[in-house]
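Derivation of every value follows stated rules applied to the coordinates shown; laboratory data play no part. As the structure is a computational prediction, the values presented were derived from the model and not from experiment. All Cβ positions, even for glycine, are placed from backbone atoms using ideal geometry, and neighbour counts span all protein chains on display.
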Amino acid sequence: MLAPLAWPLHHSPLPDIGGLANLPGPGALLELPPVTTATPPPGQWRDLLGLVQPQTGRPVGGSLMNLGVSPAARRGQAAVETLLREGSLAAGALDRTRADGFRWLAIYPAYRALPPAAQARLSACFGAPLEQSDTVWVFDLAQAPAAGCPAPADAAP
């Protein structure tokens, strides 16, 4: 679904999913934004998330064609949105998300605006990204400390 072209086109190349293809171990992808249908960047795939799932073989927390996001994914996405917006993650905020099988956080920066402190806030909580490109940022949710993540001093809003 390349915007604004009709999909599928037999000659359209699949999107580059970068490091998502080689993540170690099992686990689902928690994705932000949870839906990429509405306004893709020009020339980008409209329903990127529906194409990431078969390319990685992993369950995804996003949705395609505005079909809705699962309650389990919504909980995790809300916790990460709070981290992005406020700079902190409450203790245990991702415990249930991880228990529901989500291991990886995939953020698609071309599909959503991120606050200037996003990289610092995410890295302070989850460690260095496993992948950071124009297409996708990937973090390991297992790295989030059980005690939560306070706002880093250099990442004030």
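Key figures for this structure:
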{"read-out": "Residues Val60, Val138, sorted so that the one with the fewest Cβ neighbours within 10 Å comes first", "value": "Val138, Val60"}
{"read-out": "Virtual paramagnetic centre 7 Å along Cα→Cβ of Gln143, amide N under 15 Å, in the stretch 96-122", "value": "103-107, 118-122"}
